[in-house]
Amino acid sequence: MRRLHSLLGLVPVGAYVIVHLLVNASVFASPKLFQRLVFHIHSLGPILPLVEWTFIFLPIIFHGVYGLIITKGGHPNTQAYPYNSNFRYTMQRATGLIAFLFIAWHVFQMHGWIHAEFWEKYVAHPLGGAEFSPYNAASSGAEAMQGSIIFPVLYAIGVLATVFHLSNGIFTFGITWGLWVSPKAQEGAKLVANCLFVALSIAGMASIVGLYTMSSEQIAEVRVQEDEAYQILSETGDILPNEHKHSKESEFYTNDDEEADSAESDR
């Protein structure tokens, strides 16, 4: 079970985290590029939920829950033996717990956990969740990030914890699977893990800064560009039309319940 936990932490969970961070970092350079990448992901259409649950959600849930079980049974002794390996062991457990809580909140805030109209209307939205709209990725992401001054702080803490957990997890993965046994090999693997931590941390901070510093005028301008790209891609069949994947400020967003309530009030 520990080997499976270690393996899933690297593939597919670790691989997904790296791709996710790099895709999100693209918003710092260009909101257009970020939206283009999100469109590519959603071009999978009806098989996207199957891919997400098979390669992302279920592995993350298993890795997270079993990681909590390991953490509960662990006995760090950094005070008695303040060695680097003991420190990394303790940090691996601590950052794993932080990452678990952060990912749960992040998925709720951006996606609401469950893609069901009843859930989103009566649970997610009232609690500040399901704020991300994939067909208006940069503009809705920026509005979600700017919802509170504490959000970028929470994201910075969560991203750094997740990145450390992944980077150091690659080092411990090699030990668990016997890939680097000698002290020299372990020192080399540790250096690679540290470099990966720095690179992914920069990517994570870039996405946070890119979304948080986007002005209201830029958000409105970006949303128009997103809608124009959506119209072209939906007409060519590269993505499936879906009004529920737009932000409420998009010209393509429609809500049957809101329209019905409006019509009833007019009467």
Inset, instruction - For Tyr122 and Phe62, compute 0.36 nm times the residue count separating them, minus their Cα-Cα distance, and round to one decimal in nm. - result: 18.8 nm
Legend entry - Segment Ser85-Leu22, length gained on full extension (0.36 nm per residue, minus Cα span): 19.8 nm
Inset, instruction - Which order do the peptides 88-96, 176-184 take when ranked by the mean count of other beta-carbon atoms within 10 Å per residue, highest first? - result: 88-96, 176-184
Inset, instruction - Would you mind working out the accessible area per residue for the range 43-147, using a 1.4 Å probe, and quoting it in Å²? - result: 58
Legend entry - Value of D in µm² per second that Stokes-Einstein yields for the range 161-258, Kirkwood Rh from Cα pairs, at 20 °C (1.002 mPa s): 122
Inset, instruction - May I ask you to derive the relative contact order of the chain, considering only C-alpha pairs under 8 Å and at least 6 residues apart, and to give it as an integer percent? - result: 27
Inset, instruction - Would you work out the charge dipole size for the range 1-112 about its Cα centre, treating the Cβ of every Lys and Arg as +1 and the Cβ of every Asp and Glu as -1, and quote it to the nearest 20 debye? - result: 200
Legend entry - Vicinal HN-Hα couplings computed from phi for the range 181-187 (Karplus, 6.51 cos²θ - 1.76 cosθ + 1.60; Hz; Gly/Pro x): 10, 5, x, 5, 5, 5, 5
Inset, instruction - Over the range 1-65, with every protein chain in place, what whole percent of the accessible area is carbon and sulfur at 1.4 Å, could you tell me? - result: 78
Legend entry - Degrees between helix 84-111 axis and first principal axis of the chain (Cα, 0 to 90, nearest 10): 10
Legend entry - Translational diffusion coefficient (Stokes-Einstein; Kirkwood radius from C-alpha pairs) of the chain at 37 °C, 0.692 mPa s, in µm²/s: 162
Inset, instruction - With r as the distance between the Cβ atoms of Ala94 and Asp238 and R0 = 45 Å, compute the FRET efficiency 1/(1 + (r/R0)^6) and round to 0.05. - result: 0.55
Legend entry - Cα-centre dipole for the chain with unit charges at Cβ (Lys and Arg positive, Asp and Glu negative), debye to 20: 2300
Legend entry - Förster radius 41 Å - calculated FRET efficiency between Gln231 and Val51 (Cβ-Cβ, nearest 0.05): 0.95
Legend entry - Size of the range 98-222 as Cα extents on the principal axes (Å, biggest first): 55, 32, 25
Legend entry - Accessible-area composition of the range 110-217, carbon plus sulfur, in percent [1.4 Å probe]: 72
Legend entry - Span per principal axis, largest first, for the Cα atoms of the range 23-145 (Å): 53, 36, 28
Legend entry - Unit charges at the beta carbon, dipole of the chain: most positive-side option, Ala144, Gln231, Ile18: Ile18
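The values are calculated or read from the model by the stated rules, or taken from the named source; none is laboratory data. Fair warning: this is a prediction, and the values are worked out from it, not measured in the lab. Neighbour counts are summed over all protein chains in view; Cβ atoms, including those assigned to glycine, are modelled from backbone coordinates with ideal geometry. These area figures cover heavy atoms from the full protein model, side chains too; ligands, DNA and RNA do not enter into them. Shrake-Rupley method; radii C 1.70, N 1.55, O 1.52, S 1.80 Å.
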